[in-house]
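Visitor: Take this structure, written in structure tokens, and hold onto it; I'll ask about it next.
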Amino acid sequence: MNRLFSGDYPRSRLLSAALLLIFLALALGPFLFDGIRTFSMLGMMCVFIIVVASYDLMLGYTHIVSFAHTMFFGIGAYGIAIASDHYGSGYGALFAGIVGALLASVLLSLLLGLLSLRVKAIFFALVTLAVAFAFLSLVTQLYNVTGGEDGLAVRSPRELGPAFRPFDFQVPGFNIFGFLVAAVSSPGEIGQAFQEALFSVRLSGRHLTYYITFVTMVAIFFFLLRMVNSPFGRVLQAIRENEFRAQALGYRTVLYRTAVVVVSALLATVAGILFALLNRYVNPENTLNFELMIFILLMCVIGGMGTLYGAVIGTVLFLLAQNYLQDLLKQLDALVPADTLIAELINPDRWLLWFGLLFILSVYFFPSGIVGQLRIWSAKRSSGQD
Amino acid sequence: MSEALLSLTRVCADIDQYHILHGVDLAVPKGELTMLLGRNGAGKSTTLRTIMGLTTVTGGDIRFQGQPITGQSTPRIVRRGIAFVPENMGIFSLLTVRENMVLAAIGGTMDPARLEWIVDLFPPLKRFWDKPAGNLSGGQKQMLAIARAIIEPRELLLIDEPTKGLAPAIIDDLADAFEQLKRQQVTILLVEQNFNFSRRLGQSAAVMNDGRVVWSGSMTELAQDDNLQHQLLGLGMGEHQ
Amino acid sequence: MAADDARIDEPTGRAGPIARFHAFRRDKPHIFVLLTMMLAALAMMEPRIWVVLTISGLAMGAMVFLMASGMTLTFGLMNVLNLAHGAFISLGAFAGASVLLWLSTQANQPSLWTNLIAILPAFCFALLVAGLLGLVFERLIIRPVYGDHLKQILVTVGGSIIIMELIQVVWGPNELPVPRPDALKGAVFLPEWLPVAGGIALEKYRLIAVVLGLAIYGLLSWIIERTRVGILIRAGVESREMVEIQGYRIRLLFLGVFIAGSALAGLGGTLWAMYREIITAHMGDELMISVIVVIILGGLGSIKGCFYGSVLVGLINLYVGYLEPRLAAVATVALMVAVLMWRPQGLIPVIKL
């Protein structure tokens with residue numbers, strides 16, 4: 001256990017509980033929640049936990065701000081899409097896509113790191129912003145290769161798609177959310193609620209892909225946890241605290257930073273590959289958009305920079321909000337008279353306004369995010385008990 | 001002794017998390033040149049910076065012309081009539097000599113007569129008038145720094161180690177300039193390591209050690225007492241004969 | 001290329017043409033890059049087209065310069081990286097467009113003087129609204145994070161989201177068509193007797209943008225080089241503490257520069273709105289890319305560098321846009337990467353960096 005977590009535990013009871021809950025929900029998700037929308041959201045959670053955790057390696061542990069993370073994500077997704085477009089749906093195509101995408105990411109990230117990290121850390125943010133934009137424009141313009149704005153459908157091997165049905169029987173599922181709602185609203189009819197919550201799941205290749213994603217996500221998370229607690233990770237934190245001193249101690253800080261950028265880019269590419277397989281459709285908007293980049297930044301900061309656990313919490317909260325905050329705002333919006341300023345402000349399309357506000361407030365008042373705040377509280381409580 | 005233009009009472013100050021001053025008591029008499037002496041790290045520079053509002057004051061009281069100035073912002077303190085030449089001189093090296101002088105005249109215009117007097121005092125300034133100040137030599141930069149401080153009549157000049165790293169001939173020039181200022185009854189507080197220079201110019205003196213003023217009196221008194229010098233400044237007997 | 005540069009260190013005086021070329025490339029890199037690009041473009045297309053593209057590129061450069069100058073100054077003076085600058089451009093565009101729509105009767109008359117009744121208030125309103133936003137933004141968002149680049153990037157990105165969302169709250173989520181005032185429509189023809197360029201039609205609006213851009217560059221250069229405030233700004237770029245020791249409140253100077261930079265971004269936004277004749281809340285995001293390329297090209301903090309950077313970005317956009325439209329954005333960024341490899345500090349760096 002200690003080896004798995006590399007001695008870096010959540011260090012807050014509430015946080016541990018939340019993480020355990022998320023783990024269980026993601027592990028048993030297809031059998032706990034009914035409906036295709038929830039299923040695809042669970043998949044996105046797994047994918048974006050990888051994306052945000054690898055982003056945290058740069059942002060939180062090394063204080064490198066990159067705006068090119070979606071570019072690497074997109075390279076992964078488009079690598080699979082383009083390979084399947086050219087070579088069909090076989091495993092050879094899949095393999096070619098994976099290798100090609102990873103190679104492209106390594107090359108580009110090396111170039112970016114060596115180019116701009118030797119100047120001044122703040123340049124990196126600007127250079128990556130410009131390069132990511134150029135990449136986006138290239139993908140949009142070269143429509144004969146990438147499909148342009150319309151994007152590409154991904155033809156993955158049959159075993160990974162919905163058409164693959166390994167078993168004839170159905171597996172029972174239990175809609176826990178529906179059950180809890182029914183049980184609370186009408187506790188007298190708990191038996192009926194139980195009956196209604198039961199549903200059946202027909203296993204398909206989609207489930208296989210989901211679990212591949214889930215397992216990869218868990219493995220990458222523990223790999224990152226190991227990495228930041230290794231001697232390498234300690235050097236990164238030393239560079240973050242005082243680059244000058246780290247240099248004076250003889251560490252070649254540019255190499256360390258570049259290594260972080262490369263690792264982070266590779267993991268984002270892996271996430272992009274999984275995304276393409278899960279979503280089976282890739283376009284600039286769902287992989288490369290600037291807005292998506294901002295979302296990743298928000299998830300990382302609100303969850304808690306430099307903690308990795310924050311990536312999990314931030315991603316889950318953000319995707320829940322993205323999916324359900326709009327519903328909530330819609331209900332609120334119905335309560336106020338239409339065409340007033342308030343109605344415009346809580347228009348469901350303006351949900352990002354509120355998230356932006358939350359983001360700024362959290363940078364000012366909870367700079368270590370949700371995870372950092374939970375840890376502070378639990379440290380206070382335990383020191384209070386002593 | 002005449003009345004104090006500037007007085008510090010039990011002033012404590014921090015730089016970042018370090019306590020540097022532990023209760024400084026100092027009075028600068030009006031119209032005199034006061035030398036602030038002491039070993040390296042005694043807190044002389046910090047005392048000047050504290051007067052200028054550039055450190056965090058954690059206790060005590062600083063009064064200028066009887067008014068408290070503790071904790072006020074640097075520009076406000078400057079505009080009360082205190083000019084400060086920091087140890088690194090703070091020359092704007094990308095600006096020309098003229099532009100450096102223009103900024104120093106807070107009122108907006110330079111009085112031609114006064115400017116002429118200053119240029120006579122420091123002739124090299126005229127030669128490099130429209131050249132970037134970064135091209136000046138160390139001594140010329142020091143001249144520019146002092147010239148900036150006196151371009152307008154000020155109540156008090158605080159000058160941190162003007163002789164640091166300068167050749168003896170240039171130090172002599174500087175000393176002449178200070179003599180002139182003394183004659184004009186300008187009040188000056190000078191931090192110095194160079195005891196010969198101090199003895200030549202100083203009227204009153206204060207000696208600091210470990211964040212406190214440990215001795216103050218007239219310069220003549222200190223200059224004549226080798227024992228005191230040895231005890232306060234660690235100067236060898238007869239070293240400066 | 002870079003290695004050559006390091007080696008050459010010959011004393012000035014008599015030198016062969018090659019050494020002189022090297023010295024020129026080292027001392028005036030902005031002119032060198034500009035000339036290289038213009039000559040390369042000339043070699044690849046008909047001269048008449050080249051003239052049209054060059055003027056259009058200058059027009060685009062002039063507009064980008066307005067937007068970029070504020071950002072480069074805030075960075076040079078205050079060491080603040082404001083990634084919400086694009087949102088200020090959007091806001092300025094919407095503010096100016098509102099006035100133009102409100103005064104559309106005046107804007108649609110064929111007389112230039114009547115048009116000006118709409119145009120001047122539109123410019124003023126854009127300057128005012130963006131400047132006011134700058135004031136609020138500096139106080140609320142940026143003041144608490146001076147000196148912390150990471151937090152600056154985060155909060156200004158957050159601020160950018162909020163401003164763009166608020167624009168959609170006020171003006172609605174859809175694109176807004178902007179009428180270009182009547183007198184600015186159409187083209188002027190160069191006289192026939194001119195060699196090469198005779199008879200070429202040039203869009204009026206682009207010429208006006210070039211003139212306006214040059215005028216504002218002249219004004220900014222004059223302020224920075226000749227006035228007291230300009231001296232103060234240059235001094236502040238060098239040492240903030242020393243400016244305070246001279247008796248000036250640097251915070252006030254910061255605030256003033258920030259407001260002026262925001263206002264200029266707003267003006268640039270209005271000009272862009274009239275140029276494109278259609279605007280969205282997110283237009284600032286795309287323009288930010290050009291702005292960023294410009295300030296990296298020019299060297300952060302330098303107005304002159306910002307001007308040349310803008311011209312370069314405008315020209316490469318038009319040249320490449322003509323030769324291979326799909327690569328215009330890529331070429332802009334490639335230019336930045338190439339210059340970064342050659343001169344990591346930009347073409348005309350301010351020494352403090």
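Visitor: On the basis of being surrounded by 17 or more Cβ atoms within 10 Å (Cβ to Cβ), more than 14 Å from chain A (Cβ to nearest Cβ), touching a residue at least 60 places away in the same chain (Cβ under 8 Å) and not in a helix (DSSP H, G or I), does C:Leu220 make the cut? Spell out how you get there, then give the answer.
Guide: Details: surrounded by 17 or more Cβ atoms within 10 Å (Cβ to Cβ): yes; more than 14 Å from chain A (Cβ to nearest Cβ): yes; touching a residue at least 60 places away in the same chain (Cβ under 8 Å): yes; not in a helix (DSSP H, G or I): no.
Criteria not met by C:Leu220.
Visitor: Still on this structure, please answer the following. Can you tell me which residue within segment C:239-273, out of those that are touching an Asp or Glu at 6+ places or on another chain (Cβ under 6 Å) and surrounded by fewer than 24 Cβ atoms within 10 Å (Cβ to Cβ), is nearest to the other protein chains (Cβ to nearest Cβ)? Give the derivation first.
Guide: Filtering segment C:239-273 for residues touching an Asp or Glu at 6+ places or on another chain (Cβ under 6 Å) gives C:250, C:255, C:258.
With surrounded by fewer than 24 Cβ atoms within 10 Å (Cβ to Cβ) added as a condition, the list becomes C:250, C:255.
Details: C:Ile250: 8, C:Leu255: 14 Å.
It comes out as C:Ile250.
Visitor: Might you let me know whether segment B:119-135 holds any residue that is closer than 20 Å to B:Leu156 by Cβ and touching a residue at least 24 places away in the same chain (Cβ under 8 Å)? Before the answer, list the steps.
Guide: Going through segment B:119-135, the residues closer than 20 Å to B:Leu156 by Cβ turn out to be B:121.
Keeping just the survivors that are touching a residue at least 24 places away in the same chain (Cβ under 8 Å) gives B:121.
Checking segment B:119-135: at least one residue is closer than 20 Å to B:Leu156 by Cβ and touching a residue at least 24 places away in the same chain (Cβ under 8 Å).
Visitor: When the residues of segment C:150-189 are filtered to those that are among the charged types (D, E, K, R) and not in a helix (DSSP H, G or I), which remaining residue is farthest from the other protein chains (Cβ to nearest Cβ)?
Guide: Quick first cut of segment C:150-189, residues among the charged types (D, E, K, R) only: C:151, C:165, C:175, C:180, C:182, C:185.
Narrowing further to those that are not in a helix (DSSP H, G or I): C:175, C:180, C:185.
Working: C:Glu175: 15, C:Arg180: 26, C:Lys185: 29 Å.
Selected residue: C:Lys185.
Visitor: Taking B:Arg39 as the residue in question, decide whether it is free of Cβ contacts under 8 Å to residues at least 40 places away in the same chain, under 28 Å from B:Gln140 (Cα atoms) and surrounded by fewer than 17 Cβ atoms within 10 Å (Cβ to Cβ).
Guide: Numbers: free of Cβ contacts under 8 Å to residues at least 40 places away in the same chain: no; under 28 Å from B:Gln140 (Cα atoms): yes; surrounded by fewer than 17 Cβ atoms within 10 Å (Cβ to Cβ): yes.
Judged against the criteria, B:Arg39 is not a match.
Visitor: Sticking with this one: Only one of C:Ser69, C:Ser90, C:Ser56 is touching a Cys at 6+ places or on another chain (Cβ under 8 Å) and either modelled with pLDDT of 85 or more or closer than 30 Å to C:Gln345 by Cα (or both). Can you tell me which?
Guide: On the way: C:Ser90 fails: touching a Cys at 6+ places or on another chain (Cβ under 8 Å); C:Ser56 fails: touching a Cys at 6+ places or on another chain (Cβ under 8 Å).
Result: C:Ser69 is the single residue among C:Ser69, C:Ser90, C:Ser56 that is touching a Cys at 6+ places or on another chain (Cβ under 8 Å) and either modelled with pLDDT of 85 or more or closer than 30 Å to C:Gln345 by Cα (or both).
Residue-by-condition table, conditions (1) away from chain C (no Cβ under 14 Å); (2) surrounded by fewer than 16 Cβ atoms within 10 Å (Cβ to Cβ); (3) among the small types (Gly, Ala, Ser); (4) in a helix (DSSP H, G or I):
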{"site": "A:Glu291", "(1), (2), (3), (4)": "no, yes, no, yes"}
{"site": "A:Leu297", "(1), (2), (3), (4)": "no, no, no, yes"}
{"site": "A:Leu329", "(1), (2), (3), (4)": "no, no, no, yes"}
{"site": "A:Ile342", "(1), (2), (3), (4)": "no, yes, no, yes"}
{"site": "A:Val371", "(1), (2), (3), (4)": "yes, no, no, yes"}
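Visitor: Regarding A:Leu266, is this residue more than 13 Å from chain C (Cβ to nearest Cβ), under 22 Å from A:Leu103 (Cβ atoms) and either modelled with pLDDT of 95 or more or assigned to a helix (DSSP H, G or I) (or both)?
Guide: Working: more than 13 Å from chain C (Cβ to nearest Cβ): yes; under 22 Å from A:Leu103 (Cβ atoms): yes; either modelled with pLDDT of 95 or more or assigned to a helix (DSSP H, G or I) (or both): yes.
Answer is yes for this residue.
Visitor: Right, another one. Going through A:Asp56, A:Asp34, A:Asp8 one at a time, which residue ends up being in contact with a strand residue (DSSP E or B) (Cβ under 7 Å, 6 or more places away or on another chain) and charged (D, E, K, R)? Full working, then the answer.
Guide: On the way: A:Asp56 fails: in contact with a strand residue (DSSP E or B) (Cβ under 7 Å, 6 or more places away or on another chain); A:Asp8 fails: in contact with a strand residue (DSSP E or B) (Cβ under 7 Å, 6 or more places away or on another chain).
Criteria check complete, one pass: A:Asp34.
Visitor: Continuing with the same structure: Which condition does B:Arg154 not pass, out of (1) part of a helix (DSSP H, G or I); (2) within 14 Å of chain C (Cβ to nearest Cβ); (3) basic (Lys, Arg), if it passes all the others?
Guide: (1)
Visitor: Return only the number of the condition from (1) within 14 Å of chain C (Cβ to nearest Cβ); (2) surrounded by fewer than 16 Cβ atoms within 10 Å (Cβ to Cβ) that B:Ile82 does not satisfy.
Guide: Failed condition: (2).
Visitor: State all residues of segment B:13-35 that are farther than 18 Å from B:Ile159 by Cβ, surrounded by 14 or more Cβ atoms within 10 Å (Cβ to Cβ) and among the charged types (D, E, K, R); if no residue qualifies, say none.
Guide: Passing the criteria: B:Asp14, B:Asp25.
Visitor: With the condition kept exactly as written, say whether any residue in segment A:166-177 is more than 14 Å from every other protein chain (Cβ to nearest Cβ), free of Cβ contacts under 8 Å to residues at least 40 places away in the same chain and hydrophobic (A, V, I, L, M, F, W, C).
Guide: yes
Visitor: So which residues in segment B:94-107 are at the interface with chain C (Cβ under 7 Å from one of its Cβ atoms) and more than 18 Å from the chain's Cα centre (by Cα)?
Guide: If the condition is that a residue be at the interface with chain C (Cβ under 7 Å from one of its Cβ atoms) and more than 18 Å from the chain's Cα centre (by Cα), then B:Leu94, B:Leu95, B:Glu99, B:Val102, B:Leu103, B:Ile106 are the ones that fit.
Visitor: Kindly indicate whether any position in segment C:172-190 is in contact with a Phe, Trp or Tyr (Cβ under 8 Å, 6 or more places away or on another chain) and of a type outside the set (D, E, K, R). Quick ask: steps written out before the conclusion?
Guide: Step one: of segment C:172-190, the residues in contact with a Phe, Trp or Tyr (Cβ under 8 Å, 6 or more places away or on another chain) are C:176, C:180, C:184-185.
Imposing the further condition that a residue be of a type outside the set (D, E, K, R) reduces the set to C:176, C:184.
Yes; the residues of segment C:172-190 include at least one that is in contact with a Phe, Trp or Tyr (Cβ under 8 Å, 6 or more places away or on another chain) and of a type outside the set (D, E, K, R).
Visitor: Related question: Looking at (1) within 28 Å of A:His63 (Cβ to Cβ); (2) in a helix (DSSP H, G or I), can you tell me which one A:Leu325 breaks?
Guide: Of (1) within 28 Å of A:His63 (Cβ to Cβ); (2) in a helix (DSSP H, G or I), only one is false for A:Leu325: (1).
Visitor: Further question: Can we say A:Gly272 is free of Cβ contacts under 8 Å to residues at least 24 places away in the same chain and either at negative phi or not charged (D, E, K, R) (or both)? Steps first, answer last, please.
Guide: Details: free of Cβ contacts under 8 Å to residues at least 24 places away in the same chain: no; either at negative phi or not charged (D, E, K, R) (or both): yes.
No; evaluated as a whole, the condition is false for this residue.
Visitor: I'm trying to understand the selection: among the residues of segment C:163-195, which are over 30 Å from A:Leu353 (Cβ atoms) and of a type in the set (Phe, Trp, Tyr)?
Guide: Here is the first cut: in segment C:163-195, the ones over 30 Å from A:Leu353 (Cβ atoms) are C:180-195.
Listed by number, the residues that qualify are C:Phe189, C:Trp193.
Visitor: As an exercise: evaluate A:Gly306 against (1) more than 23 Å from C:Ile153 (Cβ to Cβ); (2) touching a residue at least 24 places away in the same chain (Cβ under 8 Å) and give the number of the one condition it does not meet.
Guide: Answer for A:Gly306: the failing condition is (1).
Visitor: What pairs come out if I take residues in segment C:55-74 that are in contact (Cβ under 8 Å) with a residue 24 or more places away in the chain and pair them with residues that are of a type in the set (D, E, K, R) whose C-beta lies under 6 Å away, six or more apart or interchain?
Guide: Close Cβ pairs satisfying both conditions: C:Ser56/C:Arg206; C:Ala59/C:Arg206.
Visitor: Among the residues of segment B:36-72, which ones are within 14 Å of another protein chain (Cβ to nearest Cβ) and either part of a strand (DSSP E or B) or more than 23 Å from B:Ile150 (Cβ to Cβ) (or both)?
Guide: Within segment B:36-72, the subset within 14 Å of another protein chain (Cβ to nearest Cβ) is B:45, B:48-55, B:69, B:72.
Once the filter is applied, which keeps residues that are within 14 Å of another protein chain (Cβ to nearest Cβ) and either part of a strand (DSSP E or B) or more than 23 Å from B:Ile150 (Cβ to Cβ) (or both), segment B:36-72 yields only B:Thr55.
Visitor: From B:Gln185, B:Gln180, B:Gln203, which residue is touching an Asp or Glu at 6+ places or on another chain (Cβ under 6 Å) and surrounded by fewer than 20 Cβ atoms within 10 Å (Cβ to Cβ)? Don't jump to the end; show me each part of the working.
Guide: Values: B:Gln185 fails: touching an Asp or Glu at 6+ places or on another chain (Cβ under 6 Å); B:Gln180 fails: touching an Asp or Glu at 6+ places or on another chain (Cβ under 6 Å).
Just one listed residue meets the conditions, B:Gln203.
Visitor: For C:Leu287, state whether it is surrounded by fewer than 24 Cβ atoms within 10 Å (Cβ to Cβ), hydrophobic (A, V, I, L, M, F, W, C) and within 25 Å of A:Ala132 (Cα to Cα). Talk me through it step by step, then tell me what you get.
Guide: On the way: surrounded by fewer than 24 Cβ atoms within 10 Å (Cβ to Cβ): yes; hydrophobic (A, V, I, L, M, F, W, C): yes; within 25 Å of A:Ala132 (Cα to Cα): yes.
For C:Leu287, the condition - surrounded by fewer than 24 Cβ atoms within 10 Å (Cβ to Cβ), hydrophobic (A, V, I, L, M, F, W, C) and within 25 Å of A:Ala132 (Cα to Cα) - is met.
Visitor: Here's something else I'd like to know. Which helices (runs of 4 or more DSSP H) does segment A:133-251 wholly contain that include 1 or more residues that are in contact with a Pro (Cβ under 6 Å, 6 or more places away or on another chain) and surrounded by 14 or more Cβ atoms within 10 Å (Cβ to Cβ)?
Guide: Numbers: elements: A:143-146, A:176-185, A:190-197, A:205-228, A:231-241, A:243-248.
Ranges flagged: A:205-228.
The values are calculated or read from the model by the stated rules, or taken from the named source; none is laboratory data. What you are looking at is a predicted structure, and each value in this text was computed from that prediction instead of being measured. Glycine also receives a Cβ, built like all others from the backbone with ideal geometry; neighbour counts cover every protein chain displayed.
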